[in-house]
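The values are calculated or read from the model by the stated rules, or taken from the named source; none is laboratory data. Computed from a predicted model, the values in this text were never measured in an experiment. Cβ placement follows ideal geometry from the backbone for every residue including glycine, while neighbour counts extend to all protein chains displayed.
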Amino acid sequence: MKRIVIGTAGHIDHGKTTLIKALTGIDCDRLKEEKERGITTELGFAHWRLDEDLLVGIVDVPGHEKFVRHMVAGAWGIDTVLLVVSADEGVMPQTREHLDICEMLGLSKGIVVITKKDLVDGDMVELVEEDIKDFLKGRALEGAPVVAVSAYTGENLDVLRTMLGEMADTIEERSREGIFRLPVDRVFTLKGLGTIVTGTCISGSLSTGEDVELFPSARRARVRSIQAYHDDVREATAGQRIALNLQGLDRQEVERGSMIGRPGTLLLTSRIDASLKLLKLPIKPIRHDSILRFHIATTQEEARLVLLESDQIEPGQEQFVQFVFKRPIVVLPGDRFILRGSYAVQTVGGGLVLDIMPARHKRKTDTLPEVYKALKTGSDLEKMAYHIMKGSYRGVRQETLSIMIGKDGALTEKMGAILTKSSDVRLVGKTYIHSTFWKSYKDRVLAFVDEYHKANPLKVGISKEELRSRLPATDVQVFQAALDECSANGRIVLEKDRVISGAHARANQNNETEKKIVEALRSSAFTPPGPKDLAAGVGINEKNLRELLDRLAFRGGVVKVAQDMYFHPDMIEEVKTRAIDFLKRHQEMAPTDFKTELNLSRKFLIPLLEYLDQIKITIRKGDKRVLRG
């Protein structure tokens, strides 16, 4: 069954609610105050099975200027509009503002309904119809069908129903694909059920039993049940008016303006790039840094306007802008918004969200037009490549990129595969990095390792952690992948936790001084010389000797037992073997036993005993050692 959502628009007291009741039998005014005052102050909802293959949800919006925020919230998820004009008043201020809002939200299909036909004569209806046609010239609903009806007598309601059916055939049903989003427009509790939220599902789908996340509070809940048009359903899809029964969420934790989505599929943002167009109204230009009211879905938030191309924007003009929000909001690229004055109760413009994680652009630069073009008119692949390029050396995680382009994970992977195949992008683990930055990062690795060796020619190499801290920030997997690729090409050598220039490693493979050091330690057995004497023995200065000893110790050519005390590895193996043999025969070993066993002086005795403890051969108990374990 095809499902669409229709919204009303029009001035206060022009008969929108009465018209819906006459069409569907449902009274959208549910509040006591609304019934007593005879005006709509809140969003109202009805549904209507136009035929067996078409189910229509209807959103009734308030017409009073004080409730334009509610009107925007209701109009945001609709597919088409019924512009209602009463025959006894004609086009009025809220008729104009509501149509402005509909146009800014991208609504181009609708029907104009002249209500209260029974209150005027035929000539008056014709005058109002001509007035409406003049009003719609050059606007989105120019040429839209017009019908005059009476909700009280029922005149022409059948004609309107036929028009609605014909228009519904031209509306494409919303795709089930995409990121699930439900902007909350109503929340209440039912005894025995708990918290209920309602809204128009604007994208994706959701099933009972799934977990959801509430934004901006980040609270989690489980979907106990779903209703669509008062019928229990297992799945909610885009284009439906739905109610979710949420388990694990209190009524007080939810308010209109909240957004519900799957966990990890949406992001809060305090800054967006957008395309803004001001209405052609008799208003002053809006200056850079102005504070305005930003309306999107059911959310209203205070925003600071950053004009990127100029110092002010004129009525009727369109510009590339940023908005900085007082509190974070949830949006996706492609969402449409409405802008109203901070103090004056007036809609001034609207536009399109382009980037939900934008760079902090420098104003009035030559690169801005190119960025604007890519974000506004570029293909999905071009936008994806832009966001990855913007990610610099850090790259962009796959799940984050899905949110940034407003697509589900499966589609993001498909597009990512196209970009990686073309060599524009590299996928490392779950992180996309643009090939420009991938090449630059590897070049920086090689350059920094070479510089390190020039400054420290006798050191074994730079530690991975130090190298990573000196390079541009990036994901640890990107860092390791860059090392692996440079290593595979022979440009660097990876030894334990060290990174060594390939040229440096090859140049030091047969270092004669290192051989002399190793041989001197071998011949000194259990009484090795200190650094000063060892340096003199091999003919180098002490500083260089210490760096060579560190390099040898790292590679296992010598063993560092204590500060300034190095042994040949063969001697350490003999120390371990003889200590283990003694302990197996005697169960415990005093320092004097060890001294006698190896004929050691006290200078080397204690450091060697502590070294055996350190490498977990022995464990000290009092003044004696026993075998560990």
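The table below lists the values:
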{"item": "Unique residue being acidic (Asp, Glu) and closer than 20 Å to Leu160 by Cβ when the list is Asp131, Asp121", "result": "Asp131"}
{"item": "Residues satisfying the stated conditions in the stretch 580-629, i.e. over 29 Å from Gly530 (Cα atoms) and within 60 Å of the chain's Cα centre (by Cα)", "result": "Lys621, Gly622, Val626, Leu627, Arg628, Gly629"}
{"item": "Index of the failed condition, Thr577 passing every other in (1) more than 57 Å from the chain's Cα centre (by Cα); (2) loosely packed, with under 14 Cβ neighbours inside 10 Å; (3) under 30 Å from Ala455 (Cβ atoms)", "result": "(3)"}
{"item": "Exclusive hit being of a type in the set (Gly, Ala, Ser) and over 54 Å from the mean Cα position of the chain (by Cα), set Gly539, Gly556", "result": "Gly539"}
{"item": "Long-range neighbours under 6 Å by Cβ, at least six apart or interchain, first residue outside the structural domain of Ala9 (by TED's automatic domain parsing) and over 20 Å from Leu99 (Cα atoms) within the stretch 119-145, second assigned to a helix (DSSP H, G or I) and modelled with pLDDT under 95", "result": "none"}
{"item": "Of all residues making up the stretch 243-289, the number that are in a strand (DSSP E or B) and free of Cβ contacts under 8 Å to residues at least 24 places away in the same chain", "result": "0"}
{"item": "Index of the failed condition, Asn541 passing every other in (1) in contact with a strand residue (DSSP E or B) (Cβ under 7 Å, 6 or more places away or on another chain); (2) farther than 23 Å from Arg602 by Cα; (3) modelled with pLDDT of 85 or more", "result": "(1)"}
{"item": "All strands (runs of 3 or more DSSP E) inside the stretch 1-83 with 1 or more residues being modelled with pLDDT under 80, within 27 Å of Arg336 (Cβ to Cβ) and more than 35 Å from the chain's Cα centre (by Cα)", "result": "44-51"}
{"item": "Close pairs (9 angstrom Cβ cut-off, 6 or more residues apart or separate chains): in contact (Cβ under 8 Å) with a residue 60 or more places away in the chain in the stretch 476-490, in a loop (DSSP other than H, G, I, E, B) anywhere", "result": "Val478/Gly395; Val478/Gly429"}
{"item": "Single residue of Lys532, Lys515 found to be more than 30 Å from Asn489 (Cα to Cα) and of a type in the set (Lys, Arg)", "result": "Lys532"}
{"item": "Failed condition for Val353, given (1) closer than 30 Å to Asp311 by Cα; (2) surrounded by fewer than 20 Cβ atoms within 10 Å (Cβ to Cβ)", "result": "(2)"}
{"item": "Of residues in the stretch 400-459 being touching a residue at least 60 places away in the same chain (Cβ under 8 Å) and aliphatic (A, V, I, L, M), the one surrounded by the fewest Cβ atoms within 10 Å (Cβ to Cβ)", "result": "Leu411"}
{"item": "Selection within the stretch 190-223 - assigned to a strand (DSSP E or B) and of a type in the set (Asp, Glu)", "result": "Asp211, Glu213"}
{"item": "The one condition in (1) modelled with pLDDT of 95 or more; (2) under 21 Å from Leu99 (Cβ atoms); (3) crowded, with 20+ Cβ neighbours inside 10 Å; (4) not hydrophobic (A, V, I, L, M, F, W, C) that Asp273 fails to fulfil", "result": "(2)"}
{"item": "Condition met for Gly391 (in contact (Cβ under 8 Å) with a residue 60 or more places away in the chain, small (Gly, Ala, Ser) and either closer than 30 Å to Cys102 by Cβ or surrounded by 14 or more Cβ atoms within 10 Å (Cβ to Cβ) (or both))", "result": "no"}
{"item": "Counted residues, the stretch 589-602 - those being loosely packed, with under 15 Cβ neighbours inside 10 Å and touching a residue at least 24 places away in the same chain (Cβ under 8 Å)", "result": "3"}
{"item": "Residue in the stretch 149-164 that is surrounded by fewer than 20 Cβ atoms within 10 Å (Cβ to Cβ), assigned to a helix (DSSP H, G or I), among the β-branched types (Val, Ile, Thr) and modelled with pLDDT of 90 or more present", "result": "yes"}
{"item": "Breaking point among (1) crowded, with 18+ Cβ neighbours inside 10 Å; (2) at pLDDT below 95; (3) not in a loop (DSSP other than H, G, I, E, B), for Gly239", "result": "(3)"}
{"item": "Residue identified as assigned to a helix (DSSP H, G or I), at pLDDT 85 or above and within 16 Å of Phe448 (Cβ to Cβ) among Val478, Val499", "result": "Val478"}
{"item": "Among the candidates Lys616, Lys543, residue that is exposed (fewer than 12 other Cβ atoms within 10 Å of the Cβ) and either touching a residue at least 60 places away in the same chain (Cβ under 8 Å) or in a helix (DSSP H, G or I) (or both)", "result": "Lys543"}
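The rows are residues; the columns are (1) more than 12 Å from His295 (Cβ to Cβ); (2) in contact with a His (Cβ under 8 Å, 6 or more places away or on another chain); (3) surrounded by 18 or more Cβ atoms within 10 Å (Cβ to Cβ).
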{"position": "Arg327", "(1), (2), (3)": "yes, no, no"}
{"position": "Val330", "(1), (2), (3)": "yes, no, yes"}
{"position": "Arg340", "(1), (2), (3)": "no, yes, yes"}
{"position": "Gln346", "(1), (2), (3)": "yes, no, no"}
{"position": "Lys362", "(1), (2), (3)": "yes, no, no"}
{"position": "Val371", "(1), (2), (3)": "yes, yes, yes"}
{"position": "Leu375", "(1), (2), (3)": "yes, no, yes"}
{"position": "Gly378", "(1), (2), (3)": "yes, no, no"}
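Here's the yes/no breakdown for (1) small (Gly, Ala, Ser); (2) closer than 22 Å to Gly239 by Cβ:
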site: Gly192; (1), (2): yes, no
site: Val197; (1), (2): no, yes
site: Val212; (1), (2): no, yes
site: Phe215; (1), (2): no, yes
site: Ala218; (1), (2): yes, no
site: Arg224; (1), (2): no, no
